[in-house]
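The values are calculated or read from the model by the stated rules, or taken from the named source; none is laboratory data. Quick caveat, the model's predicted, so the values are computed rather than measured. We place every Cβ from the backbone using ideal geometry, glycine too, and count neighbours over all the protein chains shown.
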Amino acid sequence: MTAKVLAERYEVQRQLGKQTGRQTLLARDLQTQKLVVIKQLFLGSDFEWQDLKLFEREAETLKALSHPAIPRYLDYLEIDEPNSKGFALVQTYVKGKTLEEHLKAGRTFSETEVKELAKSLLAILNYLHKQNPPVIHRDIKPSNILLHSRSGNTVGQIYLVDFGSVQNQAAKFGGTITVVGTYGYMAPEQFGGRSVPASDLYGLGATLIYLVTGLHPTEMSQQDLKIKFADRASHLNPNLIDWLEWMTEPSLSKRLSSAKEAGRVLKNPRPIDKTPMSVQQQGSDIKLTKTSEFIEIIIPPQGVGFGLIALFAGWIPANLALLLPFIDNGAVYPVLNIISIIWLVTVVVMFLFALFRKLHFRIDRQQISYTSHLLGFRWNHSKPASRQDIRQLEIEQIRYKVSEITIEVGNQKYGLGGNQGLTESEIEWLSTELIQWLGLKIKRTLTDPKQNISI
């Protein structure tokens, strides 16, 4: 079968990709015998003039750029065939796999490789943003980053491709607002049609988060639009985690503003404030301490209640009632001595727990633990579990009265509530602190014991 030739010069080898009204081809330039990439835009029923505007802008942008990590502009064609009409952009072919393809194939990236990727991509972005007018890619994501020639300890040659969403400063002041990009990698300001150099930093940060967690940004929880990924990146240096959080800061005023600044901070991290912050509710003896690394709740001893006092007070008459009938010539049956001692020891232990036992509930980047502390001894109140397995946080209400916070971790449940001596206001306070620190949504369950209903 004869291969199709475009413009009597480009012999089509195979299709690389296809979308509605578009396709990307691998072709051979018959003049140079080199492989090239041809991006086509068709004038079909789904054609919109905005598509042509972006297509022409991509061609104009590539024509003005000259960087070894960016495909080079070669040609621009008009397609006028019996079955198709449109336009084609010809650019140099870059051999390699996308980051997304590498991840789907099971490849993982070490912290050193992630930093190497970050430095190379920041260098490319710095070049783009220093153009006059600045060039903003607007669609930084794993499928638009190619890796080639991996060797030794290096991650390989890095390329940034697909400038189909590009914007320059001149186009920014046009009369229409164009929202382009990919959900999960788009900075919040892009949803309003605004793009600045820092918008590309957000996309890069979100891409690197995908690399270190293996999860698309939309698959992770968010808090105030911030991607909560730290619990899935506990193997990373805290400075790199802090840098990624800074890169993906939703607020433009708080985000790193330029590729140059981002590179400088990556090389020389800012100090991380690890000073624990203590929080205490007015009128409560519960102590809560938190940093970016952990949150810990210390529940003090519950104290001696009326029931325990009554149990101890009843020990003397109860034992006399047991012993007196069996006293025979001054001898006491041994079994009754044992019962009396066991009862006394049980009451004493209960007093010690009531007066001195503290509960420590702690979540850090690696795990969740719930331990009891008594007079220098420590043991697990519940079995420790991985923080990554935290599924949800639930508040149970019995007849509209809050009774317990439950954290589901895999097949385990950790409870904080009335059984630990917490009041309703303390439960609400602690649940608020936990959902804010974890970035989880809370589930409320209403139970009516009389009607055996759970909502």
Inside the range 385-417, the number of residues satisfying the requirement of being part of a helix (DSSP H, G or I) and under 17 Å from Thr371 (Cα atoms) is 1
Of Ile79, Ile70, the only residue that is among the aliphatic types (A, V, I, L, M), touching a strand residue (DSSP E or B) at 6+ places or on another chain (Cβ under 7 Å), closer than 18 Å to Leu160 by Cα and surrounded by 14 or more Cβ atoms within 10 Å (Cβ to Cβ) is Ile70
Flagged in the range 67-110 as under 23 Å from Leu211 (Cβ atoms) and part of a strand (DSSP E or B), in numbering order, are Lys97, Thr98
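Residues checked against (1) over 25 Å from the mean Cα position of the chain (by Cα); (2) at pLDDT below 95:
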position: Glu81; (1), (2): yes, yes
position: Ser84; (1), (2): yes, yes
position: Gln91; (1), (2): yes, no
position: Lys95; (1), (2): yes, yes
position: His102; (1), (2): no, yes
position: Arg107; (1), (2): no, yes
position: Tyr127; (1), (2): yes, no
position: Gln131; (1), (2): yes, yes
position: Val155; (1), (2): no, yes
The residue that is surrounded by the fewest Cβ atoms within 10 Å (Cβ to Cβ), considering only those in the range 1-44 that are closer than 17 Å to Leu77 by Cα and hydroxyl-bearing (Ser, Thr, Tyr), is Thr24
Leu211 meets each of (1) over 26 Å from Gly164 (Cβ atoms); (2) touching a helix residue (DSSP H, G or I) at 6+ places or on another chain (Cβ under 8 Å); (3) among the hydrophobic types (A, V, I, L, M, F, W, C) with one exception, condition (1)
- Report whether or not Phe47 is surrounded by fewer than 18 Cβ atoms within 10 Å (Cβ to Cβ) and not in a strand (DSSP E or B). yes
The condition of being aliphatic (A, V, I, L, M) and at pLDDT below 90 holds, among Leu204, Leu211, Leu236, only for Leu236
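Listed here are the residues, each with its yes/no results for (1) over 11 Å from the mean Cα position of the chain (by Cα); (2) modelled with pLDDT of 90 or more; (3) polar (S, T, N, Q); (4) within 20 Å of Lys115 (Cβ to Cβ).
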| site | (1), (2), (3), (4) |
| --- | --- |
| Asp231 | no, no, no, no |
| Thr248 | no, yes, yes, yes |
| Pro269 | yes, no, no, yes |
| Ser278 | yes, no, yes, no |
| Gln281 | yes, no, yes, no |
| Val304 | yes, no, no, no |
When Pro250 is run through (1) surrounded by 14 or more Cβ atoms within 10 Å (Cβ to Cβ); (2) under 29 Å from Asp389 (Cα atoms); (3) touching a Ser or Thr at 6+ places or on another chain (Cβ under 9 Å), the failure sits at (3)
Scanning the range 134-144 for residues that are within 18 Å of Pro197 (Cα to Cα) and within 24 Å of the chain's Cα centre (by Cα) gives His137, Arg138, Asp139, Ile140, Lys141, Asn144
